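The values are calculated or read from the model by the stated rules, or taken from the named source; none is laboratory data. Bear in mind that the values here come from a model prediction, so they are computed numbers and not experimental data. Don't worry about glycine lacking a Cβ; one is built from the backbone with ideal geometry, like all the others, and counts go over all protein chains shown. Ligands, DNA and RNA are stripped out before the accessible areas are found, and what is left, the full protein with its side chains, is counted by its heavy atoms. Shrake-Rupley method; radii C 1.70, N 1.55, O 1.52, S 1.80 Å.
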Amino acid sequence: RQSGLVSNVSCITFVHPYDDPAALRGIEEFTHLWLLWDFSESHRETFSPTVRPPRLGGNTRVGVFATRSPFRPNSIGLSCVKLLGTETKGKDGPKLYVQGADLMDGTPIYDIKPYLPYADCIPEAKTGILGETPDKTEEVLFENIGPAEVQAGELEVIQEILSRNPPPAYQGDQERIYGMKYGRFEVKFRRVKEK
């Protein structure tokens, strides 16, 4: 739901004319980056001034500018990610390896900027209608998956994503099957009744 909550590793690739390695010169000196990107799967033809955030149970409407909903008037997303490494030489052009991205595979990125702690970190900032930082996680149990089907680390990342309880809070039906795409996987999951 938010960048940095899950420690998945992603690869950012560059297309022409932005695939010039000189454009990345000096970026390895930073630990974190801002990504400005397109909510390419959430484009809408109409503008809605209010949305129903999942963190508020999905039944309370609030102003779109008071949320991080993907249904934006301009479809621009903003994520802070950890820079793990760069690869400037290769036939596929330069690449950045980042951790904590909350983007779908193939998401168009408009721009990349360094994160500057002295300007971008405001410890006393208030979280408004959303309250405190969510730290509650759910237990994740896997069924119908064989160890030969996954590579090292893939199950752990999927488990970490699902532990953050991705369905909206107002959808508490334990029988409902939810789905999401993660890399080469089509993950199906449901909530399990609390003991």
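Assorted remarks:
- Thr67 being among the β-branched types (Val, Ile, Thr), open to solvent by 90 Å² or more (accessible area, probe 1.4 Å), modelled with pLDDT under 85 and out of contact with any Phe, Trp or Tyr (no Cβ under 9 Å at 6 or more places or on another chain): no
- Failed item in (1) free of Cβ contacts under 8 Å to residues at least 12 places away in the same chain; (2) farther than 22 Å from Val9 by Cα, with Gly90 passing the rest: (2)
- Members of the stretch 72-98 found to be open to solvent by 80 Å² or more (accessible area, probe 1.4 Å) and in a loop (DSSP other than H, G, I, E, B), listed by number: Asn74, Lys89, Lys91, Asp92
- If you check Asp111, Asp105 for being open to solvent by 50 Å² or more (accessible area, probe 1.4 Å), charged (D, E, K, R) and part of a loop (DSSP other than H, G, I, E, B), only one passes: Asp105.
- Test for Leu56: is it on the phi < 0 side of the Ramachandran plot and either in contact with a helix residue (DSSP H, G or I) (Cβ under 6 Å, 6 or more places away or on another chain) or open to solvent by 90 Å² or more (accessible area, probe 1.4 Å) (or both): no
- For first residues located in the stretch 162-191 and more than 25 Å from Arg61 (Cβ to Cβ) and modelled with pLDDT of 65 or more, partners that are aromatic (Phe, Trp, Tyr) and surrounded by 13 or more Cβ atoms within 10 Å (Cβ to Cβ) and lie 6+ apart or on another chain with Cβ distances below 6 Å form the pairs Leu162/Phe189; Phe189/Tyr178.
- Looking only at the stretch 13-34, and only at residues there that are closer than 19 Å to Cys80 by Cα and acidic (Asp, Glu), the one that is surrounded by the most Cβ atoms within 10 Å (Cβ to Cβ): Glu28
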